[in-house]
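FYI, it's all coordinate maths here, none of it is from the lab. All values derive from a computational prediction rather than experimental measurement. We place every Cβ from the backbone using ideal geometry, glycine too, and count neighbours over all the protein chains shown.
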Protein chains: 2
Amino acid sequence: MEITFLGTGAGLPSKERNVTAIALSMLQELNEVWLFDCGEATQHQLLHTTIKPGKINKLFITHMHGDHIYGLPGFLSSRSFQAGTDRPLTIYGPEGIREFIQSALKLSYTRLTYPLTIIEIKEGLLLETEAIKVYTKKLAHGVPSYGFRIVEKDKPGELLVEKLKSNGIRPGPIYGEIKDNPSVTLEDGTIIDRHDFIGHPKKGRTISILGDTKYQAAHKEFVNNSDLFIHEATFAADKETLAADYFHSTNTQAAQLALDANCKQLILTHISSRYRLQEMDQFLEEAKQVFSNTFVAKDLSVFQL
Amino acid sequence: MEITFLGTGAGLPSKERNVTAIALSMLQELNEVWLFDCGEATQHQLLHTTIKPGKINKLFITHMHGDHIYGLPGFLSSRSFQAGTDRPLTIYGPEGIREFIQSALKLSYTRLTYPLTIIEIKEGLLLETEAIKVYTKKLAHGVPSYGFRIVEKDKPGELLVEKLKSNGIRPGPIYGEIKDNPSVTLEDGTIIDRHDFIGHPKKGRTISILGDTKYQAAHKEFVNNSDLFIHEATFAADKETLAADYFHSTNTQAAQLALDANCKQLILTHISSRYRLQEMDQFLEEAKQVFSNTFVAKDLSVFQL
Ligand SMILES: [Zn+2]
Ligand SMILES: [Zn+2]
């Protein structure tokens, strides 16, 4: 998995940071890329990455503030030129997302070439596939704002081929049978217990992404044990009151949540333009005092997981 | 007057050209800046100029295609942070522009701090002030698309102060009276004819801006005698059929119109991303063969008039 921060600013674009969008590439795992939020000029930011708009097949909107959605009509329209007709896209977002998209496309005479599904979200289990589950939770942002918890399912272990061979079982269809059944009886009557010939299951990873929100200790349960936790940090530590007034969080509040929720890694984004890039060392240091495995995203930062 | 090309591409943004927006600064003349079209990321392009969003008080939309309007919600929202409450903005655009703006602002919970007026336009005289007139004309683009002809009114000549002085008339309120009246009788009975003490009137300039359109010889009358003529040139000379099929024009068609309409200067914009910047010499040369005083705009090009 690879996470690309397309925009890491808050509210307004600046020369240093665009407004919010995060791409989660799961090309190896699922051959899919998911996008979280789509602020204005997200399609422009994508031009500076290797991500193909047609590969993005799911788009999650945390909330309806302009700095998180105004790039949608342009992204959707331009995707028609790159995705052809056979690459459906599903958008998950708060109430109003359907009207916003349909109004913009209709009034601009835009016909998409690909099937678009729009799903207005509620709290709970949002989607489940063979490989992954996504949960949502309402945050505290004045308007409906959702967090996303993406849980990769555990994968069964690999067949221990060398061990099978050294037990005299040669490669063939029998390998598939052993993998698929708790026990298999060979032609010679030997009973093979799968358990003895399968490695450890591969633990799925968990990524939690909280969009704009005031700090709430109660968010701890939702992001518990995340391998990667992405949280907004509009303000620095000394601006807790201001942050609360504007339904936003500070760097140290995000770090506290990462610590309390036993997360492995924290990435801060959605940084106010009052903080210039050259001030980020101090901004990061404040958070690290609370939770040491913290990073601050820049535009076009890429993290591997 | 100063014209800044904020975006000069067609349809899709590329790394070289953003989608369409043109700023006409008349700070010395009117203390106003007008914007023509507002493609996605126009507010981002403005960050690279000295133009203050709060100074933009009129915004003209040529047509409702996404590459000309998707930057509107972001521009309007961000302008609230810079313009305060006392800088009204008027938007002139085709039918649908009101619904597009109101839907985007409402669904993103955006309240503007300044008064916004939206006027859906028809052909004819669009607005007239003491200093300027703006006319519109429907072009040929498949969807309603308008051209704008901006006509600066002639300004009366300056008072010939030195001549007045050498005729023994000393500076004072009398100068204003002489300027404002065809003739004035001095205290000593002398009759002063304004005509003798006023310089030549200053001829107003005319700028014509045609948004997306197929070439039409009939557009000649509308742009006649323009000091500056801005025309789209999506394609090069060899793509006339393609251009017509897509309701667009070629570089040489635009040049032909400039020639036929007796314009003084032509600037080409809205260039397809199939043409890279390094190919622009040839692109320009083709147009110059037809109309020599032609320029091709790049993003952030500034022209003085
Ligand atoms: Zn935000
Ligand atoms: Zn266009």
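Sorted shortest first, the separations between the B:Glu130 label point and its copies elsewhere in the assembly read 7.5 nm; each point sits 7 Å from Cα along the Cα-to-Cβ line.
When A:His48, B:His231 are sorted by how many other C-beta atoms sit within 10 angstrom of their C-beta, beginning with the fewest, the order is A:His48, B:His231. Ranking of B:Arg87, A:Arg274 by neighbouring Cβ atoms within 10 Å, starting from the fewest: A:Arg274, B:Arg87.
The separation of segment B:18-56 from segment B:59-77, counted between C-alpha centres, amounts to 12 Å. Comment: the Cα-to-Cβ extended label point of A:Gln28, at 7 Å, lies 6.2 nm from its counterparts in the other copies, nearest first. Pairs from the table (B:Lys122/B:Lys220; A:Lys153/A:Lys264; A:Lys52/A:Lys153; A:Lys138/A:Lys288; A:Lys58/B:Lys106; B:Lys55/B:Lys220) lying more than 21 angstrom apart at Cα are A:Lys52/A:Lys153; A:Lys138/A:Lys288; A:Lys58/B:Lys106; B:Lys55/B:Lys220. Think of chain B as a dipole: +1 on every Lys or Arg Cβ, -1 on every Asp or Glu Cβ, centred on the Cα centre; then among B:Asn57, B:Gln45, B:Ser108, B:Ser108 lies furthest on the positive end.
Other protein chain C-beta atoms within 10 Å of residue C-beta, averaged over B:100-109: 6.
Note on A:Arg111 and A:Leu300: the model spin-label points, each 7 Å out from Cα along the C-beta direction, lie 3.7 nm apart. In segment B:99-221, one over the average inverse separation of all distinct C-alpha pairs is 19.3 Å, which is the Kirkwood hydrodynamic radius. Shown here is the pair-distance distribution of segment A:184-303: with all Cα-Cα distances grouped in 10 Å bins from zero up to the longest one, the shares run 13, 39, 21, 7, 7, 7, 4, 1 percent.
For A:Ala297, the shell of other residues with beta-carbons less than 14 Å away shows a net charge of -3, using +1 for Lys and Arg and -1 for Asp and Glu.
Here the contact order of segment A:1-121, divided by its residue count and restricted to Cα pairs under 8 Å and six or more residues apart, works out to 20 percent. Computed from Cα atoms alone, the Kirkwood hydrodynamic radius reported for the protein assembly as shown is 27.7 Å. Per-residue extension of 0.36 nm, minus the Cα-Cα distance of A:Lys202 and A:Leu127, leaves a gain of 24.9 nm for this segment.
The Stokes-Einstein estimate for segment B:54-113, based on a Kirkwood radius over Cα pairs and taken at 4 °C with 1.567 mPa s viscosity, is a diffusion coefficient of 108 µm²/s. Averaging over all projection directions, find the projected area of the Cα convex hull of chain A and quote it in nm² with one decimal place. With every direction weighted equally, the projected area is 18.6 nm².
Compactness ratio for segment A:1-121: Cα radius of gyration over 2.2 N^0.38 Å (N = residue count) comes to 0.98.
Per residue of peptide B:33-44, the mean number of Cβ atoms on other chains within 10 Å of the residue Cβ is 3. When peptides B:143-156, B:207-220 are ranked by their average number of other Cβ atoms within 10 Å per residue, the highest-first order is B:207-220, B:143-156. Here each label is just a point 7 Å from Cα along the line to Cβ, and for B:Asp245 and A:Lys163 those points are 6.3 nm apart.
Across the copies of the chain, A:Ser301 has label points (7 Å from Cα along Cα→Cβ) spaced 3.9 nm apart, shortest distance listed first.
Computed per residue of chain B from DSSP H runs no shorter than four, each worth -39500 (n - 2.57), the mean residue ellipticity at 222 nm is -7000 deg cm²/dmol. Neighbour counts of other Cβ atoms within 10 Å put B:Thr294, A:Thr190, A:Thr206 in the fewest-to-most order A:Thr190, A:Thr206, B:Thr294. Centroid-to-centroid, using Cα positions, segment A:259-282 and segment A:216-235 are 12 Å apart.
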